[in-house]
Amino acid sequence: MSLCVWLVEDDRDLRATLREVIEVEGYRVITSATLADAQAVLTHAGAGIDLVLLDLGLPDGEGEAVLALLRRERNVPVIMISARDDDGQKIRLLDAGADDYLVKPFSVGELLARMRVALRHRGTRLQAAVTHYQRNGLEIDLAAHRVALHGETVHLTPTEFKLLARLARSAGQVVTHRQLLTDVWGNEFVEHTHYLRLYMGQLRAKLEADSAEPCLLLTEPGVGYRLMEPGNAG
Amino acid sequence: MSLLDGYLDLANLAILLVLASALVSLSLSPLASLCSSAMAILAFNWAFVSPRGTLVVDLREQVLLLITMLAVSWIVALLMGRQRALAHEARRHAQQADQLRMLGEALRDARAPLEQVDLLGETLEQLTGGPVTLLIPGQDTPANGENRLLRGRASIDQYDGLRLILTTSQAMGPGTGRHEEQNAWFLPMRGRTASFGAALLPVTDEIARSLPLREHAQALCDQMGLALERAHTLYLARTAHAEAQLQGLRNTLLAAIAHDHRTPLATILGAASALLEQNERLSSDQRQRLAATIVDEAQALTRLTDNTLQLARLDSPDLELRMDWESLEEIVGSVLQRVRRRDPERRVQARLAPGLPLLRCNAVLLVQLLDNLLDNALKYSDAGTAVEVQARQENGRLLLAVLDRGPGIAPEWRERVFTAFERGGAPDTAMHRGVGVGLALCRAIARVNGGQLYYRPREGGGACFECSLPLTPLPPHRPHEAPHS
């Protein structure tokens, strides 16, 4: 049975276009246009949904309300769609449990890529987290605390490893500064962004071919970091 | 004194009595000390002046003695009383000056004078001992706007009285010459041009007669009035500024639409309608090219819109920027990642000095600045030539530059390119749309991050846009290893 995508978007034309391109990829699509409609769908058809695309600006309220409802009971991946490129808002949504966000206008390729990543992480919050990561010759074995680059062991300090492991568990998704600082250093360090800058610099120096132009440990300016989604060994 | 009787003569005893009276007048009120000294002298006459036991005086010298005693005692008593009244007056003056100073300081430190309305109310209540009512008009129009009672309550008549003095700016109540029959003072809070509030102070008859007290209460009210007037003037200035900004934003958007939006829209419309109407007659290559044109032009339009909106936002008076510690390597890295999509030949090269310190800035804006400068550089220089991003530290500032080997900018255009809706050259020199908005935005971004952006010709030909940003020392605690779990 094909995966079911729930699209909450108030603009009729954008909704029709998105529905079409998502269906072409083989997904089943349910759509809602208003907050009230979305709440009804959530009550009656909520169980069968595999992925949510949620527009923030709905005619009768903020899409954030749906996110809150969803997060209260379900672990389904949510990608937020926003008309404003506002880093404060992105951070708030990600910290509130959104898996990813897209800013209008976005390309279809970008949307489909984000959907694939979000679906891969489906359920990881409940199951044992990702334990193995591999891409561009970088291998991370989270259980064995082992990191290797092109077959050779890389020595990381315990903090560097914790930071890398946190990103690897959410590989492909952006992790906010706050989440990283809380999980790696602890609650009292959420304002110490400069720790992150320095440790990310060290990690890049050890793991990237060209640390000035990273292709694994990506920066999301003003929001957080993203480890590229895992790929084939190579 | 009777113990000393017999040892001392009458004159010495009289001196002692005068001394006692003087001592008494130190602590009693003038009237009481006048009475007590008169009584003492009568008693002295009774007990010591012969014939003893009567108020009759035998000798004329002794009459003179008694009168002198009385006169000296009274003079001392009156002088002491006067002295005490002066001291009391001085204390009251000091206290009032203190109250004025405290209110003045509180008003100066407050973000809005209305925060200190309770302090004014309490101070006035200390003066009169009764509950004080304060009326402050709405912010828009001092005299006619919506009025608010910020403290206490008022009867309908009293409310009307307060509103009346708001317009007349003249005090009413006992001692003021207006509405003497009232049992309360109505005091306006006067600014230089009008009244910005009114106070109602119920007074007892005794207080009502005190002119200095009323003058002091008026001074306190006027202090609040001046502060409210200042706040009101600021508010008007801010509103006017915001309105001008809004007008400016409207003009900017209109100019953007008129100047730069129509051409990409025309291209998109042309390509899309060709796809729709000539679909069967087009080869698949042609269809692909038309679709690519639509995507390219839509992206250019998106950039133009983003830049225009961001420019308007940065010009807004209540801009609040999130500043954080940022690494320039990271910012350049994420810009490169975006730019590579438009730079398949990898013309952009980054040359960053090693060990650059962290910057205190807004990363999203700096990314937008670099992205715009690189976009221009790629468009205006020939394919195959390199575009460089350089960063280095110099004299406590961080210098970030984007350099190309294109034609550069003619001297007369070097400042004008930073103005929105200008393009660097004559219309026929194939300049691209939206560059003016982009560069105006870049300059605004440099400004809000505490830096400057300027142009200089590059040695050996080409353009160099250099952004100089301030460096702030890092917070004192150095990063440490995370606690082991």
Extension length gain for B:Q245 and B:Y454 (0.36 nm per residue less Cα distance), in nm, is 72.7 nm
FRET E, pair B:R289, B:A112, Förster distance 60 Å, beta-carbon r, rounded to 0.05
0.45
GluC sites (Glu not before Pro), loop per DSSP, at most 15 other Cβ atoms within 10 Å - longest free stretch of chain B
B:1-145
Helix A:158-169: angle to the longest alpha-carbon principal axis of chain A, degrees 0 to 90, nearest 10?
30 degrees
Here the relative contact order (percent) of region B:10-97, from C-alpha pairs under 8 Å and at least 6 apart, is 34 percent
So, in the protein assembly as shown, how many Lys pairs have Cα atoms under 25 Å apart, if the pair is 8 or more places apart or on different chains?
4
Chain A - percent relative contact order, Cα under 8 Å, separation 6 or more:
14 percent
q = 0.07, 0.11, 0.13, 0.14 Å⁻¹, chain B: log10 I(q)/I(0) [Debye, one scatterer per Cα]:
-0.70, -0.98, -1.11, -1.20
Evaluate peptide B:323-329: per residue, the Cβ atoms of other protein chains within 10 Å of its Cβ; return the mean as an integer.
6
For region B:1-97, which trypsin sites (Lys or Arg not before Pro) are in a loop by DSSP, counting at most 15 other Cβ atoms within 10 Å?
B:R52
Using 0.36 nm times the number of residues separating B:H93 and B:L211, minus their current alpha carbon distance, what extension gain do you get?
41.2 nm
Translational diffusion coefficient of region B:10-97 at 10 °C, 1.306 mPa s, Stokes-Einstein with Kirkwood Rh over Cα pairs, in µm²/s as a whole number.
113 µm²/s
With each pseudo-label sitting 7 Å past Cα toward Cβ, what's the B:Q393-B:R416 distance in nm, one decimal?
4.1 nm
Count neighbours as other Cβ atoms within 10 Å of each site's Cβ, and list the GluC sites (Glu not before Pro) in region A:1-52 that are DSSP loop with at most 15 such neighbours.
A:E25
Could you calculate, for region B:322-470, the ratio of the Cα radius of gyration to the Kirkwood radius, expressed as Rg to Rh?
0.94
In region A:181-234, the GluC sites (Glu not before Pro) that fall in loop regions by DSSP, at most 14 other Cβ within 10 Å:
A:E191
Would you mind giving the three semi-axes, in whole Å and largest first, of the ellipsoid equivalent to the protein assembly as shown according to its Cα gyration tensor?
83, 32, 29
With springs only between Cα atoms under 10 Å, which of A:E139, A:E110, A:E220 fluctuates most in a Gaussian network model of chain A?
A:E110
Per residue of A:190-199, other chain Cβ atoms within 10 Å number on average 6
Report relative contact order for chain B in percent, whole number only (criteria: Cα-Cα under 8 Å, sequence separation at least 6).
8 percent
Could you calculate the FRET efficiency of B:R313 with B:Q83 from 1/(1 + (r/R0)^6), where r is the beta carbon distance between them and R0 is 56 Å, rounded to 0.05?
0.20
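Every number in this text was worked out from the coordinates using simple rules, so none of it is lab data. The structure displayed is predicted, hence computed values, not measured ones. When we count neighbours, we look across all protein chains shown, and the Cβ atoms used for this are built from the backbone with ideal geometry, even at glycine.
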